[in-house]
Amino acid sequence: MKYKHYFAVITAVAFLLTGCQHTQIAAPEQNGISQTTAPEQDSTTQTLTEIQPPTTDNTPLSNIVRSDQIKLPDDNLSFIQAERTEDGFGCIAYNEHRQMTYLHISEDMQTSEAFVLTSPSDQEKYYSNRYQWFAIEEDGIWAIVNNEGHEEIEPYLLCHYAKNGELISAIPANDLQDYPMSDYRLGGDFESVGDVLYLTLYDGKVLQIDKETAKVSVISDLNKEDDSYDVKYLCFERDDKPILLREKVEYAPDTHTIHEAVVSEFDLESGSCGQTIYTTGDNWDSKEYFFVLKGCGEYRFFINTSSELIGIRDDGTQELLIDLDASDLDRDCGTLVDCLRPPYSTSDIMIVPADDTHFLGHIIHNPDYKTSAYCLTRKHESEIS
């Protein structure tokens, strides 16, 4: 699962708090903004004998991380979502001009480059707001763009973008108007798997959208079984096999609490759950956020509770990869979590793994509501005093 539904809410609140109005996408002023965080080199020439090889630390990795801030484009405002790609990280973000951009962060998290997404035809009538869904894949970005309140043009477009922001195609997806799409995406996700896209709606229906024709069909209903779980999310693991996240949630004004979460294998055709892969268990401390992310390497998928990151292996065993509550920063505010939570920020940190050592962390900060990005690196046990 991606973080876009979470950041759509935070982004909307941020724009309201900063006095921005519900506006339309402006025509892009430029096609790319490049930023790099490589440190300035000293003019002194180093010889090979002066350069010390890195010391190899053979002690096990801990779940304690150090944090280094990543330089982002100066006009970056807030992330909508972030995902691992084959060459780093891909992020969908707003800039300060209210333009939607594709932000690429390099695999070593030393450079970043942003490209404004070219608006579809009749661009003044397509909004850059909550009515958009994004799926990032190796050769580009898929997006559903909603035309709100303009009956003279297509209500929905399925747009395909290159990673330099250029619009490859925009196909009418009029069938989508038959489904409840006007939501903050709190109950669903948008995934690219092979030749199709999967869109999970907040009412539990799973739509399959053909990439070539934008034809829409309902292939599953997550709520057809009457059980005790309040919300359900269709996710995909490392090998693109479907899995289902189910949560027991208690709602309150402006917040909610997750009391239990279960991840199971899932059959899309029958709409039934298979083997349970992960459960929060009896010692679960209720939290506000619980995300399932596609795995890599030895991990089938990852679980992020915004204070910890857990890796689930193929045999079902789990490893606590990151414990933010125990990770210190050399700052007066104490732990890493203390530094990143209010009053310093508006939300908890979100984590996207690069591998089992390095991770991208991102969070929206006060008072300008800009997203900050961090390279989180697991410390070896020998580094912990």
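The values are calculated or read from the model by the stated rules, or taken from the named source; none is laboratory data. Please read these numbers as outputs of a predicted model, since none were measured by experiment. Cβ coordinates were reconstructed from backbone atoms using ideal geometry, including for glycine residues, and neighbour counts include every protein chain displayed. Areas reflect the complete protein model, heavy atoms only, side chains present, ligands, DNA and RNA absent. Shrake-Rupley method; radii C 1.70, N 1.55, O 1.52, S 1.80 Å.
Taken over region 276-294, the criterion of being under 14 Å from residue 249 (Cβ atoms) and either surrounded by fewer than 19 Cβ atoms within 10 Å (Cβ to Cβ) or of a type in the set (Gly, Ala, Ser) (or both) is satisfied by 284, 286, 287, 288, 289. Candidates are the residues of region 216-238 that are in contact with a strand residue (DSSP E or B) (Cβ under 7 Å, 6 or more places away or on another chain) and charged (D, E, K, R); the one that is modelled with the lowest pLDDT is 230. For region 237-265, filtered to residues that are among the acidic types (Asp, Glu) and assigned to a strand (DSSP E or B), the residue that is least open to solvent (accessible area, probe 1.4 Å) is 247.
Among the residues of region 64-118, those identified as open to solvent by less than 50 Å² (accessible area, probe 1.4 Å) and more than 19 Å from residue 162 (Cα to Cα) are 64, 65, 67, 70, 72, 73, 75, 76, 77, 78, 98, 109. Screening residue 130 against (1) crowded, with 23+ Cβ neighbours inside 10 Å; (2) modelled with pLDDT under 90; (3) within 26 Å of residue 292 (Cβ to Cβ) leaves a single unmet condition, (1). Of all residues in region 266-275, those satisfying the criterion of being open to solvent by 50 Å² or more (accessible area, probe 1.4 Å) and either charged (D, E, K, R) or under 24 Å from the mean Cα position of the chain (by Cα) (or both) are 267, 269. When you look at residue 185, is it under 30 Å from residue 251 (Cα atoms), among the basic types (Lys, Arg), open to solvent by less than 20 Å² (accessible area, probe 1.4 Å) and modelled with pLDDT under 85, yes or no? Taking the combined requirement at face value, the residue satisfies it.
Filtered by the rule that a residue be outside any loop (DSSP other than H, G, I, E, B) and either under 9 Å from residue 324 (Cβ atoms) or open to solvent by less than 10 Å² (accessible area, probe 1.4 Å) (or both), region 298-309 gives 299, 301, 302, 303, 304, 308, 309. Here residue 230 meets each of (1) among the charged types (D, E, K, R); (2) farther than 12 Å from residue 268 by Cα; (3) open to solvent by 40 Å² or more (accessible area, probe 1.4 Å); (4) in contact (Cβ under 8 Å) with a residue 40 or more places away in the chain with one exception, condition (4). Candidates 196, 206: the one that is in contact with a Ser or Thr (Cβ under 7 Å, 6 or more places away or on another chain) and either touching a residue at least 24 places away in the same chain (Cβ under 8 Å) or open to solvent by 10 Å² or more (accessible area, probe 1.4 Å) (or both) is 206.
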